[in-house]
1. Which one is right for this structure if Cα Rg over 2.2 N^0.38 Å is calculated from it: [x] 1.90; [y] 1.52; [z] 1.06?
2. Compute the helix-to-body angle for 37-56: its Cα long axis versus the longest principal axis of the chain, expressed 0 to 90° and rounded to tens.
3. Per the helix-only calculation at 222 nm, which mean residue ellipticity applies to the chain, given -39500 (n - 2.57) for every DSSP H run of n ≥ 4 and division by its residues, nearest 500 deg cm²/dmol?
4. May I ask you to derive the FRET efficiency for residue 58 and residue 25 from their Cβ-Cβ distance with R0 = 30 Å, giving the value to the nearest 0.05?
5. Pick out, from 45, 24, 64, the residue whose Cα sits farthest towards the positive end of the charge dipole of the chain, with +1 on the Cβ of Lys and Arg and -1 on the Cβ of Asp and Glu.
6. Using the Cα centre as the reference, give the magnitude of the dipole from point charges on the C-beta atoms of the chain (Lys, Arg: +1; Asp, Glu: -1; all else neutral), rounded to the nearest 20 debye.
7. What's the local net charge at residue 73, with K and R +1, D and E -1, over the other residues with C-beta under 15 Å away?
8. Determine the share of the chain's accessible area contributed by carbon and sulfur atoms, expressed in whole percent, with a 1.4 angstrom probe.
Amino acid sequence: ILGFSTPPGRLSVMAFILNALTCALGLLYFIRRGKQCLDFTVTVHFFHLLGCWIYNSHFPSTLTWWLVHVVCTALMAAIGEYLCMRIELREIPLNSAPKANV
């Protein structure tokens, strides 16, 4: 069903892309480390590959399936890493003087 020539195929591709974007937010919320984003992204897509393989009883062999998943993996990893790096590179407050209670 994945393809660019039919409306259901385009809708499925858009759903995968939107899923990659929302999963990038999940990486920001759960992982919070830019170095680990690629590892978790590849792991999630690997488990998806295994699930598709078991469900369909054959290894995915269509070019569009692989193209969509490679693009979604790259999108999820890049956006997740960008978001995590923004959090990691925030300034650390240096106001560590003890507060006097009056």
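The values are calculated or read from the model by the stated rules, or taken from the named source; none is laboratory data. The structure presented is a predicted model; accordingly, all values stated were derived computationally and were not measured. Because the Cβ atoms are built from the backbone with ideal geometry, glycine has one as well, and the counts that use them run over all protein chains shown. All accessible areas refer to the heavy atoms of the entire protein, side chains included, with ligands and DNA or RNA removed. Shrake-Rupley method; radii C 1.70, N 1.55, O 1.52, S 1.80 Å.
1. Among [x] 1.90; [y] 1.52; [z] 1.06, the one calculated here is [y].
2. Orientation of helix 37-56: about 30 degrees from the principal axis.
3. Here the helix-only value at 222 nm equals -24000 deg cm²/dmol.
4. The formula returns an efficiency of 0.35 here.
5. Positive-most Cα among the choices belongs to 24.
6. Computed about the Cα centre, the dipole is about 220 debye.
7. That sum, taken over residues with Cβ under 15 Å, equals -2.
8. 69
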